[in-house]
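Engineer: My questions all concern the structure below.
The values are calculated or read from the model by the stated rules, or taken from the named source; none is laboratory data. Quick caveat: nothing in here was measured; it's all calculated off a predicted structure. To get the accessible areas, we keep the full protein, side chains included, count just its heavy atoms, and leave off ligands, DNA and RNA. Shrake-Rupley method; radii C 1.70, N 1.55, O 1.52, S 1.80 Å.
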Amino acid sequence: MKAKARITDLRIMTDDQLEDEALKLKKEQFNLRFQRASGQLQDTARVRVVRRDIARVKTIAAQKRSAKKEA
């Protein structure tokens, strides 16, 4: 259920907010990769969650762009 609530929140966001969210997630992904490389990463599952969240944000942004083109 957590993912569905997250998707609903993302669909409400504007294009600029989605870009900011994607940037925030990419920074987090970079930090997680850095932690993994240095052996300091505790929550290894977080890498997967962040990667999927980035994909969700990109998908919703693309859907919004295509909906604007059609309208």
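Engineer: Of all the accessible heavy-atom surface of the chain, with the other protein chains kept in place and a 1.4 Å probe, what percent is carbon and sulfur?
Structural biologist: Carbon with sulfur: 54 percent of the solvent-accessible area.
Engineer: Shape of the chain from its Cα gyration tensor (a ≥ b ≥ c, root eigenvalues): rounded if a/c is under 1.5, otherwise prolate when a/b > b/c, or oblate?
Structural biologist: Judged from the Cα gyration tensor, the chain comes out prolate (a/c at least 1.5, a/b above b/c).
Engineer: Any of Lys26/Lys69; Lys27/Lys69; Lys24/Lys64; Lys27/Lys58; Lys2/Lys69; Lys2/Lys68 with alpha carbons more than 24 Å apart? Name them for me.
Structural biologist: Exceeds cut-off: Lys26/Lys69; Lys27/Lys69; Lys2/Lys69; Lys2/Lys68.
Engineer: With every protein chain left in place, what is the accessible area per residue of the chain in square angstrom, probe 1.4 Å?
Structural biologist: 79 Å²
Engineer: Probe radius 1.4 Å, ligands and nucleic acids left out: which of Asp53, Asp9, Asp15 has the largest accessible area, and how do the rest follow?
Structural biologist: Heavy-atom accessible area, descending, gives Asp9, Asp15, Asp53.
Engineer: Further question on the same structure: Given H placed on each backbone N at 1.01 Å, which residues far from Leu41 in sequence or on other chains put an amide H within less than 5 Å of it?
Structural biologist: Arg36
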